[in-house]
Every structure is written in C-alpha cells, then in structure tokens.
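The values are calculated or read from the model by the stated rules, or taken from the named source; none is laboratory data. All figures in this text were calculated on a predicted structure; none of them were measured in a lab. All Cβ positions, even for glycine, are placed from backbone atoms using ideal geometry, and neighbour counts span all protein chains on display.
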Amino acid sequence: MDESIVDQIVSSSPQGPRAIVETERLTVQFGRQTILKDVSISIPRGQTVAIIGESGCGKTMLLKSIVGLLRPTSGRVRFDGQDINLLNDQDMTAMRKRFGFVFQNAALFDSMTIHQNVEFPLKQHGVPKGKQANRLIIDRLAEVGLPSNVMPKKPAQLSGGMRKRVGLARALILEPDLLLYDEPTTGLDPIMSDIINELMLRTRKRYPVTSVIVTHDMHSARKVADRIVMLHPFSRLKPGESQVLFDDVPEMLDKTRDRRVKQFVHGEAGERLMEMLVTKNEGDLETPNLYDSIRRNETDGE
Amino acid sequence: MATDPYLHNDTLKSRMMTGLGRVTNAWGGVAVQGILTLGDISLFTFQMLRWMVTARPKRETLLPNFYSVGVLSLPVVALTGTFIGMVLAIQSFHQFKSIGMETRLGAVINMSLVRELGPVLAATMLAGRVGSAMAAVIGTMRVTEQIDALISMGANPIHYLVVPRFLACVLLIPALTVMADFMGIVGGYFYSVIVLGIDHAQYLRNSRDFVGTFDLFSGVFKSFFFGAVIAIVSCYRGFHCQPGADGVGRAATAAFVQSFVMILALDIVLNLFLDAIYFAIWPSGAKLF
C-alpha cells in the first residue's frame, strides 16, 4: 500500500487522524453461543483495515455491527463519535448515506436491472436526479470496468466477478466515508480476485474513504490493507485471552510469534485436523491411518 | 430372587414422573413458542401499520405488487369461481328436485357463493398464488442478504417490501372476490338453466328474492380481513426464513398453510360478528348461527 496516500488522506482530513469507527467491548451472542466478546477496535479516518480469521470467528458479525445491521448484545459501536445504536430511524438513515457495503455475493436486487440497482441508493436518498444521476451511474460502472451496455441487464445475466463489481459501483455511488467489504474476492478466479484488489486500491486513491475488508484471502489482505486485525473464534480462546490475536501492519505478520496467527497466514491445518478426526469417544478415530500418519510426521519433525 | 416392592414402586413412580415431566416440558415449549410467535407477528403488524401511515409507499414498489396480486390473479380466480358455481348446481340439483324445489337452486347457489365460497375461494387462490410467492421472494432476499443490502442503503425493508404487498392484498382482494362471485353466479346459471333446463325466470326471481345486499356486503367485508391475513402471514414467514433452499421452501409452504388456516378461523369469527350485526338491524330474520 502506498503510504504517502494514507498520510495525505489522514493529514488532509479536517478532523485529523481521529477514529472514524470505534468498537468498544463489543459482544455479540446468539442464545448461549458467544460470537464476539469484548472486541475493541479503533479505525482512523482514511485507513484500510483487513479483518482476517478463520470461519466462524465473527468477522462478518463485526462488519454488520459496524454498519448497524446487527445490534450487539453489549458494548458500543461509534461512527464519527456517535453511538450508532442510540440513533433514531431518521438519523440512522442519514448516517447510512455515509456507508457503502459490498456484500459477499454482491446482494444485488434480482428483480431490478443493473441500472436500477446502482441507482437505488440515489433514489433512496433523493440525490441527484435525472440526467445527472444517469451520468453518475455510467461513471461509477466505468470506474469498476463495466460498460454502459450492462445497465439494462438483470444480475442473473452477469458473471460472479461482474456482479461483485456492480456491488462495488453501487456502494460507491454516494461517495461514502466508510466502505465495508465482506469477502470481496471469495469465489473468484485469481485474475478476477486481483482485479477486485486493484479496484479497491484505485477506489482508495480516488476517494478519501476508510475501508474495512473482511477476508480469508491473505494475498488480498497484504496487498490492499494498511493494517491487519486477526480475530480468533471465542470458543477456542483460553480464559482471559483477547479475541484479537493480531493487530498491526501487514509486514509484522511474518514476524509474529503467535502460532495460531502463523498457522492461519500460511494456511496450515496443524493440530486442527487431528481435532477434527477424533470422534466424541476418546481414542475412537474415524480415519486412524491418516491420524497415525500425521502423528508420525509430527514425531519425525520433533 | 425376590424383588423389593417398595423399590419397584419408587422406580415406577420416578419413571412416571420423568415421563410426565417430559410431556409437560414438550407441550410447555410448544405453548411458549406459540406465544412468542404470536407476539412477534403482532409487533411485525404494528411496525407495518406504523410505516403505512408515516411514509407513503413509492409508486415503483406499489404498481408491480398491484399487478401481480390483482391482474395476474384474475384469470385463475375467475376460472375456479366458474367451476365452483357449476359444481354447486350439480351437487344440489337432485336433492332439490326430489322435493320439487329445483327452481330455488339459484337462491342456494348464489347465496353460498356471495356469502361464503366467493370470498374464501378468492382468498385461498390468492394465498396459494401470491402468498407463497411473497414468502419465497422475501425469503430468498433474506438468505441472499438483499434485505441487509436494503437496510445498509437506508431503506426500511418493512416499508419497502411489506407495505406495498399488504396494500395490494387488502385493496384488491375485494375486486377478486366480486369476480369470483360473478363468475360463480354465471357458472351456476349456465349449468342450471342451460344444461339442467331449470326455468330461467324463476331461477333469477328466486335468486333476487333470497340474496340481498347484506349478503354481498358480508362477503366483500370478510375479504378485506382475508387479504390482510395473507399479506401479514406470508411476509412474516419470508422475513423469518431459514437459510438455504430448504428454508425458502418451508417458508413458502408455511405461508400458504398458515394463511389458509387463519382464513378459515377468521371466517368463523367474522360470520358470527356479521350475524350479530344482521340481527341487530333486522331482528325478525332467521338466525343462522
């Protein structure tokens, strides 16, 4: 990531490097299941943060709590200093104008054309209208590399990569202050994944936007983010341990001593595979041969 | 080996108590879940009514729903209405003929249609054709995060998705009911007069003498409530859809089944209410319920 751009955005901001998004002891529970517990993260204006972690660690829940799609069990989410869970409907709607959300599977409205999908936030907030709106839609689609002839098509007629780019165009249409990406490269081929990465970088260059990216894709996280936050599933934590295992610049990922972070970054199953192979009855193995071979390898390694 | 009778009794008692506990627990769970669902539906309805009066729905959300509920349901409602009118004629003819009252067939067919079969049939067709589709569409939007997308862009999903569907159902079901009534009357007339050869003038006179404005009103009045129930139950099921294709399928099925049960239950209550009103206005009339 080009550090000068970050500095430029941060220094040009009238409010300086003050946090635009803050979570304070955020806890999310569903019944007896705890997904997030006391997660506190502060994201300065203009920064791009990648939130990584294994499936089920609560990354998407964190993202949805930030945008107010999910009401936390306890704790606070502040956007520009305001607790979003204390806002009334009208203020919340006004605040959402400042958010852009790129969903995992784009979440385009099936019943609408691409033009209507990208136009939706403009209509919702009443700005701008007519030819000006049309020009804006064409420009946003062009920014994500889509020609204007896709506009009359329905989302089902586009490929996965194109749908994601339409989702990005829709999120950008109101020039939001905060852009949230939920697994933007998941399910795409390596070339399309890199195109999406480049688009995220270009978006960052064009607009003074703060970005939060939830991803499993380490290549994407390293390429796009200024900072990486790694969450760990609450159920796997030791007592008193923080759910945030890592919170630093991407370069520090290779220097970390935490085994779990290393394991995730290098994509190694380690003891997790053995845990999965052992059934409820202790010692009763589903596939003993595989288990034995892993144990032998580990013994050999020692 | 001798067994201790006290120990045996204790075990039996303990087993019975455990069994009773399990049954109580299971039924208690069902009751609690039922109360929670009822509370949830009431809140959902309240939110919908609040949005209906506080913000005007947009034209582009209203028109497609009005078209789907009103225009696209018309052929199937008209067709089934015609068939029901004819079936009533077939079923009643021989019994009425055996007592020499076949000319009264018009009164029976038309009264049954306008008071009961027309509104219930129109509502059933609407629940099957539109209600399950509503649940499936909203359910799919729920599982594919389209509802989250709506919220994230500042739109309220109840205002955007539920209010137009509710208005379409409530405002257009009376028209569908009138259509079902009309086509049923035409079907009954066709079969009775053209096929069975009942005297045309007597058939019409008896129909006119026995079927009054209040009968027609009661059918149309009930249909408003049926439309409201279909929209609320179907949208609620869609909003609470479980993930996956199975979840969407279940939501669509539940929307139809629950709407249908609610329509019939509501029909009893509304008939009792309308009957009470009828006898308050015309005390000399014969009591039906």
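The single residue among B:THR80, B:THR37 that is assigned by TED's automatic domain parsing to the domain that holds B:ILE232, assigned to a helix (DSSP H, G or I) and either out of contact with any Gly (no Cβ under 6 Å at 6 or more places or on another chain) or in contact (Cβ under 8 Å) with a residue 12 or more places away in the chain (or both) turns out to be B:THR80. When we screen B:ALA201, B:ALA127, B:ALA228, B:ALA175 for residues that are surrounded by 24 or more Cβ atoms within 10 Å (Cβ to Cβ), of a type outside the set (Lys, Arg) and more than 14 Å from chain A (Cβ to nearest Cβ), the only hit is B:ALA127.
Residue by residue, here is whether (1) over 25 Å from A:SER65 (Cα atoms); (2) assigned to a loop (DSSP other than H, G, I, E, B) holds:
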position: A:THR93; (1), (2): no, no
position: A:PHE101; (1), (2): no, no
position: A:ASN105; (1), (2): no, yes
position: A:SER111; (1), (2): yes, yes
position: A:PHE120; (1), (2): no, no
position: A:LYS131; (1), (2): yes, no
position: A:ARG135; (1), (2): yes, no
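Looking for whichever is touching a strand residue (DSSP E or B) at 6+ places or on another chain (Cβ under 6 Å) and of a type outside the set (A, V, I, L, M, F, W, C) here; the options are A:PRO208, A:PRO190, A:PRO176, A:PRO152. Which one fits? Steps first, answer last, please.
On the way: A:PRO208 fails: touching a strand residue (DSSP E or B) at 6+ places or on another chain (Cβ under 6 Å); A:PRO190 fails: touching a strand residue (DSSP E or B) at 6+ places or on another chain (Cβ under 6 Å); A:PRO152 fails: touching a strand residue (DSSP E or B) at 6+ places or on another chain (Cβ under 6 Å).
Going through A:PRO208, A:PRO190, A:PRO176, A:PRO152 in turn, just one is touching a strand residue (DSSP E or B) at 6+ places or on another chain (Cβ under 6 Å) and of a type outside the set (A, V, I, L, M, F, W, C): A:PRO176.
Residues that are without any contact (Cβ under 8 Å) to a residue 40 or more places away in the chain and crowded, with 16+ Cβ neighbours inside 10 Å within the stretch A:140-177 comprise A:ARG140, A:LEU141, A:LEU146, A:VAL150, A:MET151, A:GLY161, A:MET162, A:ARG165, listed in sequence order. Just one of (1) buried (at least 20 other Cβ atoms within 10 Å of the Cβ); (2) within 30 Å of A:VAL229 (Cα to Cα) trips up A:ILE114, so point out which. Of the numbered conditions (1) buried (at least 20 other Cβ atoms within 10 Å of the Cβ); (2) within 30 Å of A:VAL229 (Cα to Cα), the odd one out for A:ILE114 is (2).
Scan the stretch B:178-198 for residues that are crowded, with 20+ Cβ neighbours inside 10 Å and among the aromatic types (Phe, Trp, Tyr) and the total you get is 2.
Report yes if A:ASN105 is within 30 Å of A:SER159 (Cβ to Cβ) and either surrounded by 20 or more Cβ atoms within 10 Å (Cβ to Cβ) or away from chain B (no Cβ under 12 Å) (or both), otherwise no.
Working: within 30 Å of A:SER159 (Cβ to Cβ): yes; either surrounded by 20 or more Cβ atoms within 10 Å (Cβ to Cβ) or away from chain B (no Cβ under 12 Å) (or both): no.
The answer is no for A:ASN105.
Going by what's in this entry, would B:ASP148 be described as out of contact with any strand residue (DSSP E or B) (no Cβ under 7 Å at 6 or more places or on another chain) and either touching a residue at least 12 places away in the same chain (Cβ under 8 Å) or aromatic (Phe, Trp, Tyr) (or both)?
Working: out of contact with any strand residue (DSSP E or B) (no Cβ under 7 Å at 6 or more places or on another chain): yes; either touching a residue at least 12 places away in the same chain (Cβ under 8 Å) or aromatic (Phe, Trp, Tyr) (or both): no.
In short, no.
Criterion applied to B:ASN65, B:ASN110 was being of a type outside the set (Asp, Glu), within 29 Å of A:GLN116 (Cβ to Cβ) and surrounded by 13 or more Cβ atoms within 10 Å (Cβ to Cβ), and the one residue passing it is B:ASN65.
What is the number of the single condition among (1) modelled with pLDDT of 90 or more; (2) within 14 Å of chain A (Cβ to nearest Cβ) that B:PHE182 does not meet? Among (1) modelled with pLDDT of 90 or more; (2) within 14 Å of chain A (Cβ to nearest Cβ), the lone unmet condition for B:PHE182 is (2).
Considering only the stretch B:68-87, state which residues are within 24 Å of B:VAL114 (Cβ to Cβ), surrounded by 14 or more Cβ atoms within 10 Å (Cβ to Cβ) and not hydrophobic (A, V, I, L, M, F, W, C). Within the stretch B:68-87, B:GLY70, B:SER73, B:THR80, B:GLY81, B:THR82, B:GLY85 meet the criteria. Checked against (1) at the interface with chain B (Cβ under 9 Å from one of its Cβ atoms); (2) outside any helix (DSSP H, G or I); (3) touching a helix residue (DSSP H, G or I) at 6+ places or on another chain (Cβ under 6 Å), A:ARG170 meets all criteria but (2).
Suppose the filter is within 19 Å of B:PRO174 (Cα to Cα) and assigned to a helix (DSSP H, G or I); does B:VAL248 pass it? No, not satisfied. Across the stretch B:48-62, the qualifying residues are those that are modelled with pLDDT of 90 or more and hydrophobic (A, V, I, L, M, F, W, C), and the one among them that is surrounded by the fewest Cβ atoms within 10 Å (Cβ to Cβ) is B:VAL53.
Within the stretch B:151-164, restricting attention to residues that are within 8 Å of another protein chain (Cβ to nearest Cβ) and assigned to a helix (DSSP H, G or I), the residue that is surrounded by the most Cβ atoms within 10 Å (Cβ to Cβ) is B:SER152. Filtered by the rule that a residue be of a type outside the set (A, V, I, L, M, F, W, C) and either within 14 Å of chain A (Cβ to nearest Cβ) or part of a helix (DSSP H, G or I) (or both), the stretch B:98-124 gives B:SER98, B:GLU102, B:THR103, B:ARG104, B:GLY106, B:ASN110, B:SER112, B:ARG115, B:GLU116, B:GLY118, B:PRO119, B:THR124. Among the residues of the stretch A:123-152, just one is touching a Leu at 6+ places or on another chain (Cβ under 7 Å) and at the interface with chain B (Cβ under 10 Å from one of its Cβ atoms), namely A:HIS125.
Quick check on A:ASP110: is it closer than 20 Å to B:ILE147 by Cβ, touching a Phe, Trp or Tyr at 6+ places or on another chain (Cβ under 6 Å) and within 14 Å of chain B (Cβ to nearest Cβ)? Answer is no for this residue. Take B:PHE46 and decide whether it is assigned to a helix (DSSP H, G or I), aromatic (Phe, Trp, Tyr) and touching a residue at least 60 places away in the same chain (Cβ under 8 Å). Against the criterion (assigned to a helix (DSSP H, G or I), aromatic (Phe, Trp, Tyr) and touching a residue at least 60 places away in the same chain (Cβ under 8 Å)), B:PHE46 does not qualify. On the basis of being of a type in the set (D, E, K, R), without any contact (Cβ under 8 Å) to a residue 60 or more places away in the chain and assigned by TED's automatic domain parsing to the domain that holds A:THR48, does A:ASP80 make the cut? Judged against the criteria, A:ASP80 is not a match.
B:LEU167 fulfils the conditions (1) closer than 30 Å to A:MET95 by Cβ; (2) over 17 Å from the mean Cα position of the chain (by Cα); (3) more than 14 Å from chain A (Cβ to nearest Cβ) except for a single criterion, (2).
State yes or no: is A:PHE120 at pLDDT 90 or above, over 21 Å from the mean Cα position of the chain (by Cα) and either crowded, with 20+ Cβ neighbours inside 10 Å or of a type in the set (Val, Ile, Thr) (or both)?
Values: at pLDDT 90 or above: yes; over 21 Å from the mean Cα position of the chain (by Cα): yes; either crowded, with 20+ Cβ neighbours inside 10 Å or of a type in the set (Val, Ile, Thr) (or both): yes.
Considered against the rule, which asks whether it is at pLDDT 90 or above, over 21 Å from the mean Cα position of the chain (by Cα) and either crowded, with 20+ Cβ neighbours inside 10 Å or of a type in the set (Val, Ile, Thr) (or both), A:PHE120 comes out as yes.
A:GLY56 meets the conditions (1) modelled with pLDDT under 90; (2) within 14 Å of chain B (Cβ to nearest Cβ); (3) within 16 Å of the chain's Cα centre (by Cα) in every case but one. The failed one is (2). Taken over the stretch A:27-48, residues that are under 23 Å from B:GLU145 (Cα atoms) and either in contact with a strand residue (DSSP E or B) (Cβ under 6 Å, 6 or more places away or on another chain) or away from chain B (no Cβ under 14 Å) (or both) amount to 7. Considering the conditions (1) modelled with pLDDT under 90; (2) within 27 Å of A:ARG165 (Cβ to Cβ); (3) in a helix (DSSP H, G or I), A:SER65 is excluded by exactly one of them, (1).
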